[in-house]
Amino acid sequence: MGNARGLAKLYAATIGEIDGRPPLLNAATLAEFTKPHTPGVDAVTGERDHFLLGFESLGVRYPELGADSFGHSGSVGAQSFADPGSGIAYSYTRRRFTIGDGGGAPENRRLIGAVMRVIASRKVSEDLDGRR
């Protein structure tokens, strides 16, 4: 249990340096954690190869993310994850419960899409600046 800022920092610490400390997960551990360990269709979410080691695979639910993204949804529609490919950590928490098909609250799709569009536009801008 925690707030969005704390959960995002926790996930950020799994894939990158935080406050001068090395990532919590080394490359080998990260590879093992982001590999499906229970193949097949999840009876609750309907997603294929949904669970990793203690985490949910989020690349299917949120196609903007990399195949190695990992995290977990929580009560009231919360969603938190790390996406090693883009280097982002994300967390969203709510105060009211949501009814839906499992996973995070529906607004996560729009929020995650917006975050990934900003990252993509910054990357394009950096690429253009590097060519000048």
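Observations on the model:
- Sole exception among (1) open to solvent by less than 70 Å² (accessible area, probe 1.4 Å); (2) aliphatic (A, V, I, L, M); (3) modelled with pLDDT of 90 or more; (4) in contact with a strand residue (DSSP E or B) (Cβ under 9 Å, 6 or more places away or on another chain) for Ala67, by number: (1)
- If you go through the range 30-53 and pick out every residue that is part of a loop (DSSP other than H, G, I, E, B) and either charged (D, E, K, R) or surrounded by fewer than 16 Cβ atoms within 10 Å (Cβ to Cβ) (or both), you end up with 13.
- For beta carbons closer than 8 Å, sequence separation of 6+ or different chains, a first residue in the range 18-29 that is surrounded by 10 or more Cβ atoms within 10 Å (Cβ to Cβ) and a second that is among the β-branched types (Val, Ile, Thr) and at pLDDT 95 or above, the qualifying pairs are Pro23/Thr14; Pro23/Ile15; Leu24/Thr14; Leu25/Thr14; Leu25/Ile15.
- Members of the range 1-17 that are open to solvent by less than 50 Å² (accessible area, probe 1.4 Å) and either of a type in the set (S, T, N, Q) or not in a loop (DSSP other than H, G, I, E, B) (or both): Ala4, Gly6, Leu7, Ala8, Tyr11, Ala12, Ala13, Thr14, Ile15
- Residues considered: Leu58, Leu30. Of these, the only one that is more than 19 Å from Met116 (Cβ to Cβ) and modelled with pLDDT of 85 or more is Leu30.
- Residue tally, condition farther than 17 Å from Val115 by Cα and not charged (D, E, K, R), over the range 68-79: 6
- The set of residues in the range 61-98 being within 14 Å of Gly2 (Cα to Cα) and part of a loop (DSSP other than H, G, I, E, B) consists of Gly74, Ala78, Thr93, Arg94, Arg95.
The values are calculated or read from the model by the stated rules, or taken from the named source; none is laboratory data. Predicted model only: the values in this text are computed from it and were never measured. Don't worry about glycine lacking a Cβ; one is built from the backbone with ideal geometry, like all the others, and counts go over all protein chains shown. We work out accessible area using only protein heavy atoms, side chains counted, and drop any ligands, DNA or RNA first. Shrake-Rupley method; radii C 1.70, N 1.55, O 1.52, S 1.80 Å.
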